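The values are calculated or read from the model by the stated rules, or taken from the named source; none is laboratory data. From a predicted model like this one, the values you see are computed outputs, not experimental measurements. Backbone-built Cβ (ideal geometry, glycine too); neighbour counts: all protein chains shown. Remember, those area values only see protein heavy atoms, side chains included, never the ligands or the DNA or RNA. Shrake-Rupley method; radii C 1.70, N 1.55, O 1.52, S 1.80 Å.
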Amino acid sequence: MADKKTYEELEKRIRELEEQLKGGGNREYKSRLFGFIFGQEDNKHWTLSLYNAIHGTSYDDVSGITINTIEEVVYMGMKNDLSILVSENISLYRVMELYEQQSTYNPNMPVREFMYAGKLYDKFIHSAGLNRYGRKLLPLPLPKLVTFYNGDDEKEDETVLSLSAAFREEIRQNVMRRHSENGEKTDDAEISAEVEQIFHAASPDIEVNVRMININHGHNKKLLSACRPLEEYAWFVEQARKNLSADKNGGPSVTGDAIDKAIDEMPEDFQIKNS
């Protein structure tokens with residue numbers, strides 16, 4: 001077994017997921033591990049490293065980072081993986097950064113991030129003592145929404161997911177139902193053209209864009225190399241996946257064994273192992 005004294009906290013976090021993993025899932029540990037690496041006060045230098053890698057910057061003042069992740073105990077079951085406030089000392093203006101880890105492709109991330117952002121802005125306004133009903137315009141941090149994808153489906157290095165796609169889907173389903181009820185036959189191109197026409201005429205007042213970054217092996221090498229903890233996290237997830245797929249039975253105990261083996265296989269110089 002690996003030397004537990006070297007990375008006792010990391011192993012403890014993963015052990016806490018054992019019962020959940022035995023329940024048949026192998027995705028929750030990825031979110032928990034992501035939060036452990038980047039969402040701890042003691043690891044704020046890693047959080048800043050992640051911010052720098054995403055934005056191509058090289059700031060080193062960790063005091064400009066405030067971790068404000070939503071805790072489900074406060075917000076009725078709603079919990080995001082990681083969110084931070086970045087002060088104007090770092091970015092010239094305050095930024096609200098929301099980071100999510102996704103083990104499966106989820107086109108509904110924009111509406112989820114929209115809901116998270118609403119809670120976070122409510123939290124920010126209260127903590128800053130701002131008056132949302134006042135006559136003065138509130139200075140609010142700029143939102144940036146990022147999802148780190150490490151699922152099995154092949155995806156591009158980067159994809160932008162938009163909330164407007166969900167609005168278009170609402171229109172599409174109704175258009176198709178109307179044509180079906182009228183006995184009309186139309187091809188996809190005609191349906192799409194009609195959807196776009198209706199969508200632009202309706203002109204929805206809300207849009208949310210989420211930047212989905214693929215951190216699977218072979219993707220976004222430059223970004224991963226710019227943030228070593230993220231690179232190590234991606235390695236760990238990939239290694240656990242390989243260990244799991246090596247056993248065709250795929251039983252509950254196998255999932256835990258795959259994680260154990262990945263911990264043991266971590267190179268000695270891994271930062272997340274020696275924190």
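Taking region 43-171 on its own, what percent of its Cα-Cα pair distances exceed 27 Å? Percent of Cα pairs beyond 27 Å in region 43-171: 25. Rolling a 1.4 Å probe over the protein heavy atoms gives region 31-127 an accessible area of 45 Å² per residue. Averaging 1/r over every pair of different alpha carbons in region 148-265 and inverting the result gives a Kirkwood radius of 18.1 Å.
Given a 1.4 angstrom probe, I'd like the percentage of the accessible area of region 129-210 that is carbon and sulfur, rounded to a whole number. Here it works out to 50 percent.
Summing +1 for each Lys or Arg and -1 for each Asp or Glu among the other residues whose beta-carbon sits under 12 angstrom from that of VAL95 gives 0. In the context of the full set of protein chains, residues of region 153-206 present 74 Å² of accessible surface per residue (probe radius 1.4 Å, heavy atoms only). The separation of region 170-230 from region 103-154, counted between C-alpha centres, amounts to 20 Å. Given the options PHE167, LEU142, LEU130, identify the residue whose Cα lies farthest towards the positive end of the charge dipole of region 42-196 (+1 on Cβ of Lys, Arg; -1 on Cβ of Asp, Glu). Highest projection toward the positive end goes to LEU130.
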